[in-house]
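Take a look at the structure set out below.
The values are calculated or read from the model by the stated rules, or taken from the named source; none is laboratory data. A quick note: this is a predicted structure, and the numbers were derived from the prediction, not measured. Using ideal geometry, Cβ is built from the backbone for each residue, glycine included, and neighbour counts are taken over all protein chains shown. The protein model used for the area step is the full one, side chains on, heavy atoms only, and it has no ligands, DNA or RNA in it. Shrake-Rupley method; radii C 1.70, N 1.55, O 1.52, S 1.80 Å.
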Amino acid sequence: MNHNNFTVEHMISMLEERDRIAPINEECNKFNIKNGDIVIDYGCGSGGYTKKISEILGESGKVYAVDIYELAIESVKKKINKYQLTNVETVLAKNINEIKDNVANIIIAIDMFHMVQEKNKFLKELHRLINKDGTLFIGIHHMTSEEVQRIILDSKLWEIQCEIDNCLKCIPIIK
Ligand SMILES: C[S@@+](CC[C@H](N)C(=O)[O-])C[C@H]1O[C@@H](n2cnc3c(N)ncnc32)[C@H](O)[C@@H]1O
């Protein structure tokens with residue numbers, strides 16, 4: 001993906017404005033996050049979901065906030081400092097190998113799958129990161145549910161359990 005700085009800055013400032021006006025709250029209930037969970041917020045943007053998940057986890061567990069753009073990571077770092085989020089680690093997508101295999105109980109990829117260029121490679125990477133009992137929530141924004149389902153099923157790495165609230169809930173096939 002090759003957006004210019006202006007486009008990325010615009011996207012991040014829109015997300016920051018959304019986080020300010022309408023912070024993420026009940027949207028996270030569907031993820032069923034438990035104490036001690038390791039969560040990856042893949043395509044974290046300005047970190048609206050990251051912040052809420054960090055608060056749900058409290059002292060236990062951890063959130064990795066991953067994004068392809070440095071500007072998004074900087075925006076999450078500002079939130080980490082402002083709200084003293086001690087359980088968040090930011091990771092630039094090009095350094096995703098820093099996160100160990102099978103580490104995540106939950107991966108969320110919200111409102112970003114349409115932007116991913118190599119979708120099959122991406123689904124493979126998520127499969128590497130998820131724990132064998134883990135769950136992936138993948139947003140179906142800007143695509144039809146059928147399109148996203150087809151890509152997921154074609155990968156042969158994920159089973160789709162159900163659709164909740166604009167997300168497909170998936171579990172990994174044999175790890
Ligand atoms: C529309 S924003 C959504 C942000 C956040 N998930 C939310 O819903 O608030 C999409 C984000 O996904 C990121 N993104 C797009 N493709 C990506 C990729 N291949 N790897 C990591 N992040 C990506 C973008 O940089 C952007 O920050």
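Quick notes
- Here is what passes the span test in the chain: the DSSP H helices with alpha carbon length of 18 Å or more along the helix axis and a Kyte-Doolittle mean of -0.5 or above are 5-21.
- Cα gyration tensor, region 60-109 - rounded (a/c under 1.5), prolate or oblate: oblate
- 29 Å Cα-Cα threshold exceeded, pairs from 100/169; 34/100; 30/156; 82/132: 82/132
- Separation of alpha-carbon centers, region 35-71 and region 75-137, rounded to whole Å: 8
- Longest to shortest principal axis, alpha-carbon extents of region 1-152, angstrom: 39, 39, 30
- Mean separation of Cα pairs under 8 Å and 6 or more residues apart, divided by the residue count, gives region 42-81 a relative contact order of 53 percent.
- The mean sequence separation of alpha-carbon pairs under 8 Å and at least six residues apart, normalised by the residue count of region 119-175, gives a relative contact order of 41 percent.
- Surface accessible to a 1.4 Å probe, residue 7 within the full protein complex, Å²: 60
- Solvent exposure, largest accessible area first (probe 1.4 Å, DNA, RNA and ligands not counted), of 162, 167: 162, 167
- Restricting region 105-168 to chymotrypsin sites (Phe, Trp or Tyr not before Pro) that sit in a DSSP loop and have at most 12 other Cβ atoms within 10 Å of their own Cβ leaves nothing.
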